[in-house]
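Structure record follows, encoded as structure tokens.
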Amino acid sequence: MNAAARARALAGVGRLEQAEIAVREGLAETPADAELLGLLAGLRRLQGHYAEALEFADAAVAAAPGQSVVHIERAECLLLLSRGDGVRGGSARGGESGGAASVVRAAEASAREAVRLAPDRPEPHRALARCLVLRRAFDEARASAGRAVALAPHSVPDLMTLAEVERNAGNRDEARAAAARALAEDPEDAEGRWMIALLDAEKLRVREAMRGLRQLAADHPDRYGAPALTWPIRGLLAGLRRGMLAGVPAVAALAVAGRWWGPSLLLSRGAAVVMALVTFGLALRVLLPAGRLPWLCLGLLPAGTRRAIGTGLLAASAAAHLLLWFAVSPYRLTLILAAVAVAVLLAAGAAERA
């Protein structure tokens with residue numbers, strides 16, 4: 001068994017570090033072997049070393065520019081870097097090439113070259129579809145994903161790529177249909193189960209989403225643990241950030257306009273009531289069906305994340321109560337304090353994502 005075959009066998013059973021050792025031993029004898037360089041890029045990528053993985057993918061492309069697979073690997077590495085995923089063991093090249101947009105363009109160029117070299121293989125079309133999603137070119141992404149599915153109609157990764165395209169395009173029913181096809185091929189596929197739970201969450205089918213996430217967490221605790229199970233709280237905060245950021249300035253603008261047109265102040269007070277009631281209603285709609293589990297899992301998150309979420313919850317509650325108070329007694333200071341609470345809510349969201 002040669003080094004590449006030995007590495008693939010080890011990687012297939014999850015022994016990534018031993019697979020990497022096998023690849024490096026092979027490269028010691030044939031340092032320009034494109035297959036081994038591509039394998040090493042993939043292994044480093046799977047272990048989270050994205051910038052270093054890209055260096056090996058570049059070397060593989062230089063060694064064998066006519067092989068589609070090495071261009072796909074390069075595109076995969078660039079996609080991970082463009083999303084700002086954590087890099088362990090190297091600095092991201094995104095800054096060197098002018099930011100995430102230029103990294104996405106480089107990934108797309110690699111994927112297009114892979115398609116040119118192997119148009120009858122589904123993998124290049126799948127990689128291209130994922131690049132196009134990041135560029136929000138959904139029609140072209142759908143066509144690429146559809147081509148991959150046409151070439152491999154029973155391929156779970158290709159069906160899940162199509163599901164992801166449709167979800168990002170806002171077509172939740174089509175995304176669910178594609179994910180259901182993938183699960184029909186492999187009922188235990190984690191990505192498919194995650195997609196169904198995510199779609200349930202986006203439709204506020206909270207109980208169904210939590211049921212699916214609990215099962216996923218039980219089967220894959222390393223991948224779908226506490227962060228996934230706290231989605232009702234974190235998703236609620238994300239929705240409130242968007243709503244408050246749009247609503248409070250609108251209330252303020254109506255209140256200011258009331259200096260020149262009296263009914264505008266009444267409209268601002270009505271808008272404040274609506275915003276506050278929607279905030280409280282959404283919180284009840286999400287948190288009550290979710291039950292205690294998200295709160296229990298919240299305690300398992302890193303301390304910084306817990307503080308950011310707690311601060312966000314307090315700020316959102318304060319903003320909603322201040323809006324109600326403004327509706328009762330429309331003082332300028334009350335609205336200013338509500339704006340401050342929204343600013344704290346946004347800052348807490350940034351800290352949580354960091």
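(1) open to solvent by 30 Å² or more (accessible area, probe 1.4 Å); (2) in a helix (DSSP H, G or I); (3) at pLDDT below 95: which one isn't true of Ser102, the others all being true?
Tallying (1) open to solvent by 30 Å² or more (accessible area, probe 1.4 Å); (2) in a helix (DSSP H, G or I); (3) at pLDDT below 95, Ser102 fails exactly one: (1).
Yes/no per residue for (1) farther than 21 Å from Arg147 by Cβ; (2) modelled with pLDDT under 95:
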site: Asp158; (1), (2): no, no
site: Ala163; (1), (2): no, no
site: Ala175; (1), (2): no, no
site: Ala180; (1), (2): no, no
site: Ile196; (1), (2): yes, no
site: Leu204; (1), (2): yes, yes
site: Gly212; (1), (2): yes, yes
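In region 193-223, which residues are closer than 17 Å to Leu301 by Cα and in contact with a Phe, Trp or Tyr (Cβ under 7 Å, 6 or more places away or on another chain)?
Leu213, Ala217
Select from region 181-203 the residues that are in a loop (DSSP other than H, G, I, E, B) and in contact with a helix residue (DSSP H, G or I) (Cβ under 6 Å, 6 or more places away or on another chain) and write down the one among them that is farthest from Arg167 (Cα to Cα).
Asp186
Does region 33-40 contain any residue that is part of a loop (DSSP other than H, G, I, E, B) and within 15 Å of Ala5 (Cα to Cα)?
yes
Take the residues of region 75-99 that are of a type in the set (A, V, I, L, M, F, W, C) and modelled with pLDDT of 75 or more: which is farthest from the chain's Cα centre (by Cα)?
Across region 75-99, the extreme among qualifying residues is Ala75.
From the set of residues in region 262-287 that are aliphatic (A, V, I, L, M) and free of Cβ contacts under 8 Å to residues at least 24 places away in the same chain, which is surrounded by the fewest Cβ atoms within 10 Å (Cβ to Cβ)?
Leu284
If I go through region 113-155 residue by residue, how many of them are free of Cβ contacts under 8 Å to residues at least 12 places away in the same chain, among the charged types (D, E, K, R) and farther than 16 Å from Glu166 by Cβ?
Qualifying residue count, region 113-155: 1.
Among the residues of region 133-164, how many are farther than 24 Å from Ala190 by Cβ and touching a helix residue (DSSP H, G or I) at 6+ places or on another chain (Cβ under 7 Å)?
Qualifying residue count, region 133-164: 4.
So, Arg24, is that one open to solvent by 40 Å² or more (accessible area, probe 1.4 Å), closer than 25 Å to Leu132 by Cβ and assigned to a helix (DSSP H, G or I) or not?
Spelling it out, it is not the case that Arg24 is open to solvent by 40 Å² or more (accessible area, probe 1.4 Å), closer than 25 Å to Leu132 by Cβ and assigned to a helix (DSSP H, G or I).
Tell me which residues, restricted to region 157-188, are of a type in the set (Asp, Glu) and open to solvent by less than 30 Å² (accessible area, probe 1.4 Å).
Those that are of a type in the set (Asp, Glu) and open to solvent by less than 30 Å² (accessible area, probe 1.4 Å): Asp158, Glu166.
Look through region 218-232, keep the residues that are in a helix (DSSP H, G or I) and open to solvent by less than 20 Å² (accessible area, probe 1.4 Å), and return whichever of them is modelled with the lowest pLDDT.
Ala226
Tell me whether region 303-318 contains one or more residues that are among the basic types (Lys, Arg) and farther than 24 Å from Val274 by Cα.
yes
Within region 327-338, is there a residue that is touching a Ser or Thr at 6+ places or on another chain (Cβ under 8 Å), at negative phi and surrounded by 15 or more Cβ atoms within 10 Å (Cβ to Cβ)?
yes
Filter region 248-261 for residues that are assigned to a loop (DSSP other than H, G, I, E, B) and either at positive phi or open to solvent by less than 60 Å² (accessible area, probe 1.4 Å) (or both) and give the result.
Of everything in region 248-261, just one residue is assigned to a loop (DSSP other than H, G, I, E, B) and either at positive phi or open to solvent by less than 60 Å² (accessible area, probe 1.4 Å) (or both), namely Gly258.
Scan region 288-302 residue by residue and report those that are open to solvent by 40 Å² or more (accessible area, probe 1.4 Å) and of a type outside the set (A, V, I, L, M).
Those that are open to solvent by 40 Å² or more (accessible area, probe 1.4 Å) and of a type outside the set (A, V, I, L, M): Arg292, Trp295, Gly299, Pro302.
Gly48 - would you say it is assigned to a helix (DSSP H, G or I) and open to solvent by less than 40 Å² (accessible area, probe 1.4 Å)?
Taking the combined requirement at face value, the residue does not satisfy it.
Show the residue pairs that are 6+ apart or on different chains and have beta-carbon atoms under 9 Å apart, the first residue being within region 306-318 and aliphatic (A, V, I, L, M), the second being outside any helix (DSSP H, G or I) and buried (at least 17 other Cβ atoms within 10 Å of the Cβ).
Qualifying pairs under 9 Å: Ile309/Thr230; Ile309/Leu301.
Residue check: is Ala62 open to solvent by 60 Å² or more (accessible area, probe 1.4 Å), within 21 Å of Ala111 (Cβ to Cβ) and of a type in the set (A, V, I, L, M)?
Against the criterion (open to solvent by 60 Å² or more (accessible area, probe 1.4 Å), within 21 Å of Ala111 (Cβ to Cβ) and of a type in the set (A, V, I, L, M)), Ala62 qualifies.
Is it the case that region 233-247 has a residue that's loosely packed, with under 14 Cβ neighbours inside 10 Å, under 22 Å from the mean Cα position of the chain (by Cα) and under 26 Å from Ala179 (Cβ atoms)?
So far as region 233-247 goes, yes, one or more of its residues are loosely packed, with under 14 Cβ neighbours inside 10 Å, under 22 Å from the mean Cα position of the chain (by Cα) and under 26 Å from Ala179 (Cβ atoms).
The values are calculated or read from the model by the stated rules, or taken from the named source; none is laboratory data. Just so we're clear, the structure is a prediction, and the values are computed from it rather than from any experiment. Note: ideal-geometry Cβ built from the backbone for every residue, glycine included; neighbour counts use all protein chains shown. Just so you know, the surface numbers come from the protein's heavy atoms only, side chains and all, with ligands and any DNA or RNA stripped out. Shrake-Rupley method; radii C 1.70, N 1.55, O 1.52, S 1.80 Å.
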